[in-house]
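Take a look at the following structure, please.
The values are calculated or read from the model by the stated rules, or taken from the named source; none is laboratory data. Only a predicted model underlies this, so the values are computations on that prediction, with no experimental measurement involved. Cβ placement follows ideal geometry from the backbone for every residue including glycine, while neighbour counts extend to all protein chains displayed. We work out accessible area using only protein heavy atoms, side chains counted, and drop any ligands, DNA or RNA first. Shrake-Rupley method; radii C 1.70, N 1.55, O 1.52, S 1.80 Å.
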Amino acid sequence: MDKQTVIQVSSISRYYGANKAVNGVSFQVQEGEIFGIIGTNGAGKTTLLEMLMGIRMPDRGSIQILGLDALMEVERLKEDIGIHLQSTSLVDKMNVREALELFQGFYDRKSDLDLIVEQLGLGPYENKMIKRLSGGWRQRTALAIALVNDPKIIFLDEPTTGLDPQAKQEYWSLLRQLKQQGKTIVVASHDMDEIQRNCSRVAVMRKGELVICNHPSKLISGLPGGGMTMEAVYMYYAADAGSISVKVV
Ligand code: ATP
């Protein structure tokens, strides 16, 4: 693993009975990338992310994160990663500040909560109950929670699902700011426009397999017959529209 590679995934698989949720997936993520993962519902994105986050063990394969064996050194790695799960229901009954303090208590390294609140524009909402926040502000709160330990790598699972277009744009703009601050971001998303605009590389998942992984512009220009958008890439590689052969990353 060279110096800039912060995540090295080698042939990982996770099966649920006969269901190959993730099947022999390999890729690398470089420091400072916004790395996108796309695929249809059930393609295996969440299962893949959960294995990277250390909350689900693969049946096979290995994962190295920041030079550590992610399967053996989960506790050490926990300090260096931030997690934004699909659901924030656990903290519904707290206000924003209480949730940030609660989650920060799980870590040795702590970032300045006032700075996070300021950067994410959460000031006016700090004392509001999370369950009373609109979707956009709940997702910002979840992002703030992912930052409480000043992580080097942030994992985000479909963070903008259900948000209105403006809230989506604002959320992605926050991700760009975090990237500028040197964070590495791995994000599963269905926002094809934003994926195209923001990701340095994108992994396309289909039925548990990584079909192709490349820069958005290369994925687009490589489409047979040409194409203009990530939407077309999604339809060609990820959607269940036809049979394509798996391409090596
Ligand atoms: P979505 O976009 O809907 O979130 P996804 O790409 O994240 O989907 P996964 O949630 O990883 O997909 O699911 C991959 C496959 O694994 C699906 O067939 C799903 O039904 C199955 N699966 C996921 N979690 C479990 C589980 N805990 N037990 C059994 N099967 C599971």
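Per-residue answers, yes or no, for (1) out of contact with any Cys (no Cβ under 8 Å at 6 or more places or on another chain); (2) open to solvent by less than 40 Å² (accessible area, probe 1.4 Å); (3) more than 24 Å from MET192 (Cβ to Cβ):
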position	(1), (2), (3)
TYR15	yes, no, yes
GLN30	yes, no, no
GLY39	yes, yes, no
GLY42	yes, no, no
LEU48	yes, yes, no
VAL74	yes, no, yes
ILE81	yes, yes, yes
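Further, regarding this structure: So which of GLN166, GLN139 ends up being modelled with pLDDT under 95 and either in a loop (DSSP other than H, G, I, E, B) or in contact with a His (Cβ under 9 Å, 6 or more places away or on another chain) (or both)?
Numbers: GLN166 fails: either in a loop (DSSP other than H, G, I, E, B) or in contact with a His (Cβ under 9 Å, 6 or more places away or on another chain) (or both).
Of GLN166, GLN139, the one residue that is modelled with pLDDT under 95 and either in a loop (DSSP other than H, G, I, E, B) or in contact with a His (Cβ under 9 Å, 6 or more places away or on another chain) (or both) is GLN139.
Can you list the strands (runs of 3 or more DSSP E) found entirely within region 1-47 that contain at least 3 residues being within 24 Å of MET235 (Cα to Cα)?
Working: elements: 5-16, 19-30, 34-38.
Correct list: 19-30, 34-38.
Additional query: Among ILE212, ILE220, ILE145, which is of a type outside the set (Ser, Thr, Tyr) and in contact (Cβ under 8 Å) with a residue 60 or more places away in the chain?
Details: ILE212 fails: in contact (Cβ under 8 Å) with a residue 60 or more places away in the chain; ILE220 fails: in contact (Cβ under 8 Å) with a residue 60 or more places away in the chain.
Only one candidate passes the filter, namely ILE145.
Tell me whether region 150-162 contains one or more residues that are at pLDDT below 95, surrounded by 21 or more Cβ atoms within 10 Å (Cβ to Cβ) and not acidic (Asp, Glu).
yes
Ok, one more. Across region 11-51, which residue is farthest from ASP157 (Cα to Cα) among those that are more than 15 Å from the ligand (Cβ to nearest atom) and of a type in the set (D, E, K, R)? Working first, answer last.
Kept after step one, since they are more than 15 Å from the ligand (Cβ to nearest atom), are these residues of region 11-51: 11, 26-35.
With of a type in the set (D, E, K, R) added as a condition, the list becomes 31, 33.
Values: GLU31: 19, GLU33: 16 Å.
If we take residues in region 11-51 being more than 15 Å from the ligand (Cβ to nearest atom) and of a type in the set (D, E, K, R), then GLU31 is farthest from ASP157 (Cα to Cα).
Follow-up. If you go through region 197-210 one residue at a time, how many are over 15 Å from the mean Cα position of the chain (by Cα), within 19 Å of GLN30 (Cα to Cα) and either at pLDDT below 95 or buried (at least 20 other Cβ atoms within 10 Å of the Cβ) (or both)? Full working, then the answer.
Keep residues of region 197-210 that are over 15 Å from the mean Cα position of the chain (by Cα), which gives 197, 206-210.
Those left that are additionally within 19 Å of GLN30 (Cα to Cα): 197, 210.
Now drop any that are not either at pLDDT below 95 or buried (at least 20 other Cβ atoms within 10 Å of the Cβ) (or both), which leaves 210.
Residues meeting the conditions: 1.
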